[in-house]
Every structure is written in structure tokens, then in C-alpha cells.
Amino acid sequence: MDLLFKFFITNGFLLDAVGVIGLGLLGLAAVRLSQRYRSWGGSLLTIGAMLLLLGRLAVLVIPHVMTPGLVAAFGHTAAEIITLAPFALLTAGLAGVVWGLWGHEQWLRAEH
Amino acid sequence: MTFPPDVLPLASIGAMRPVFMIVMGAFLLLTAWRMTRGTSGWTPRILLTGAFLLAVGYAVVMPLYQAGILVPLSQVGPATDDLASPVLWHLVKVVSMNGGWLTFGVGLALHAGLFETEKSPAPVEAPSSSPAHGPVI
């Protein structure tokens, strides 16, 4: 029970992997939409999904990479910027995904 | 032009981000609903389920965490006697965000036909022996 608890909840490896896989699928589907169907929302959706994927991976990786020694080597300001950059990526990515989905919906409406 | 000091923090990033996420979550659900309106089958159901999970995660759970009403699991001390509520909220957050992206991604992949084999763009024709297409003698 304790092992399962740690695996699923404290570390959250499986669910994080599920989220990253879902974002990858979203990006692939958006590429397919913009390439095959020439939907302009698909391009925005692709950009948004890629930004979200980058931000999500950075959020998952940075706590393991940014050791105190590395922080001292970068200096305070640079380390702060690197730590906060994923959240800017996530914000921009969310905006891109929502805007792209809206554009794709408008495209569907115009097409049919 | 000067602002009163208690208004200025409302325009900061820390105050705008929850509002942004609430608006984006609601708009995502609305757009997905408009997109799948009038269609039937499993694709719109999966897409709407994903959008609903994401809307719950972005519009309800994440702003509560950012407002400090819910305490993240990593900041709860191990000696806390009431561990069930932070763990359950953490579970709600993790499942709604990650599961939401997975369901939404699968739904959009089905919508885009990602799992279907693409037909060959070149038409395959049997060699015709009719004189109209035959070599001119």
C-alpha cells in the first residue's frame, strides 16, 4: 500500500506520463488537422501543444536538474528566470490551444 | 497617474494567472461543446469528457491552489494528522489535468483521423486495353 501510494501519488510518475502522452497525441492530431485539412486553427493548436509539451517537460525535469550547485553557478537572477520559464510556456501554450481550437471550430463551421 | 496601493496588486501576474486560467478553461469547454454539437458517436463524447476534465482542472482546482485555499501536498508536513484532504485534492488535481489532456488528445486524434490509414493520393488503375488509350499506330 505504501509503495503504491508513493508510486502513484507522491511521485506521480504514471499520471505525469499519461499527461505528456496526451499532449503528444494532441500535437500530432493538430499537425494532421493543419496539414491534411488545411485548417488554420490546426497550426495554432500545434504551436500551443508544443509550447505546453515543452513547459510540462520542463516542469517535470527542472526540480531534478536544478541542484543548489547549479543555481549558484547560474546566479540568482538566471536561476529564477529558468525556474519561472516553464510557467510562461504553459500559459502561452494554453492560450494557443484554446485559440487554435476556436479557430478550428470556426473553420469547421465555414467548411460545412 | 497614480494607483492606490491596494489596486495595483490586482494587475500583477500572480493575480491575473488564475483569472486567465478560469477564462481559458471555460472557453475550452464552450468551444469543444460548440464543435461537437449535432454530432454523435464516441469521438465527441471523448472530446467533451477531456474538455470537461480540463475545465474542472483549470477553472476550479488550479485557482484554488494558487489562491492558497488548498495546500500542495509537497508543502504539507509529514506530521500532519489530517492527511486525507490534501491527498484527495492532489489526486483530483493530478487526475483532472493529466487525464484531461490524455482524453482531450485522444478525442482530437480521433477527430483528426490520426489512427486511420491514409488512402493513397495516386489513383491506381488497371492498365486499360481499350483502343482509345492505346498507342497510336
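Computed from the coordinates by the stated procedures, all read-outs in this text should not be read as laboratory data. Small disclaimer: the values here were computed from a predicted structure and weren't measured. Cβ placement follows ideal geometry from the backbone for every residue including glycine, while neighbour counts extend to all protein chains displayed.
Please report the relative contact order for region A:2-111, taking Cα pairs under 8 Å with a sequence separation of at least 6, and give it as a percent rounded to a whole number.
34
Name the residue from A:P63, A:V31, A:V98 whose Cα lies farthest towards the positive end of the charge dipole of chain A, charges +1 on Cβ of Lys and Arg and -1 on Cβ of Asp and Glu.
Going by the charge dipole, the pick is A:V31.
Taking the Cα centre of region A:2-111 as the origin, how large is its charge dipole in debye, to the nearest 20, when only Lys and Arg (+1) and Asp and Glu (-1) carry charge on their Cβ atoms?
Around 340 debye, computed over region A:2-111.
Points 7 angstrom from Cα along the Cβ direction at A:T83 and B:S74: gap in nanometres?
With each label point 7 Å from Cα toward Cβ, the separation is 1.0 nm.
If you average 1/r over all unlike Cα pairs in chain A and invert the result, what Kirkwood radius do you get in angstrom?
It is 15.8 Å.
For n ≥ 4 DSSP H runs only, could you compute -39500 (n - 2.57) per run for chain A, divide by its residues and tell me the 222 nm figure to the nearest 500?
-29500 deg cm²/dmol
Could you give me the ³J(HN,Hα) list for region B:48-57, computed from phi with Karplus coefficients 6.51, -1.76, 1.60 and θ = phi - 60°, whole Hz, x at Gly and Pro?
For region B:48-57, the Karplus curve yields 5, 4, x, 5, 5, 4, 5, 5, 4, x Hz.
Which value in nm describes the separation of the simple spin-label points at B:R34 and A:F74, placed 7 Å from the Cα toward the beta carbon?
Reported label-point gap for B:R34 and A:F74 is 3.9 nm.
Just grab the label-to-label distance for B:K119 and A:V61, each label 7 Å out from Cα along the Cβ direction, in nm (one decimal).
My value for the distance between the label points is 4.2 nm.
Determine ³J(HN,Hα), in whole Hz, for all residues of region A:12-26 in sequence, where each value follows from phi through the Karplus function 6.51 cos²θ - 1.76 cosθ + 1.60 and θ = phi - 60°; x replaces Gly and Pro.
Residue by residue, region A:12-26 yields x, 4, 5, 6, 5, 4, 4, x, 5, 4, x, 5, x, 4, 4 Hz.
Work out the mean other chain Cβ neighbour count within 10 Å for the residues of A:97-104 and drop it here as an integer.
6
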